[in-house]
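No lab work stands behind these numbers, since they all come straight from the coordinates. What you are looking at is a predicted structure, and each value in this text was computed from that prediction instead of being measured. Counting neighbours? That spans all protein chains shown, and the Cβs are built from the backbone with ideal geometry, glycine included.
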Amino acid sequence: MEKKAYVKPSLESETFVPSAYCAICFKIACEAMGDDKFDSRCEHTLKGCGTADHQAIRENSNGNLSMWENSVDQGWLRCDVTSPNPFTWENIQRNGNQVIWRTYAKNGDGRVWTHYGHAYRDQSTSNAS
């Protein structure tokens, strides 16, 4: 049996280069706590939309942004962003990171929540750029 030669371990340094596209780059907590002034059947709570973990801005491979809300009782709901328009990274930053959006109930009962909040970079994902 032939003995293998000892190879001294060495440390290699790698430079992290952020991806141009990331699954989730910004999170937003809704700041419109209490009754929704646009729909009397809706309210904003810390347990729901008031937590930044429940809203995310995602960028697809074409660079288009979409916003999603993870409802505690309805799952992931797509949001319609009303401001800034057009909905781009540059316009979010130009707008002082403020975003205004609407979320529609999944069950089709007509409820609409109108939210606003300030986006911030999410550093918890491994590829946040």
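Give me the one-decimal nm value for the distance between modelled label points at residue 72 and residue 107, 7 Å along each residue's Cα-to-Cβ direction.
1.6
Run the numbers on region 26-121 and let me know its relative contact order in percent, using alpha-carbon pairs under 8 Å that are six or more apart.
29
Given charges of +1 on the Cβ of Lys and Arg and -1 on the Cβ of Asp and Glu, with all other atoms neutral, how large is the dipole of region 26-121 about its Cα centre, in debye to the nearest 20?
On the way: 11 positive and 12 negative charges, 34 e Å.
That gives a dipole near 160 debye.
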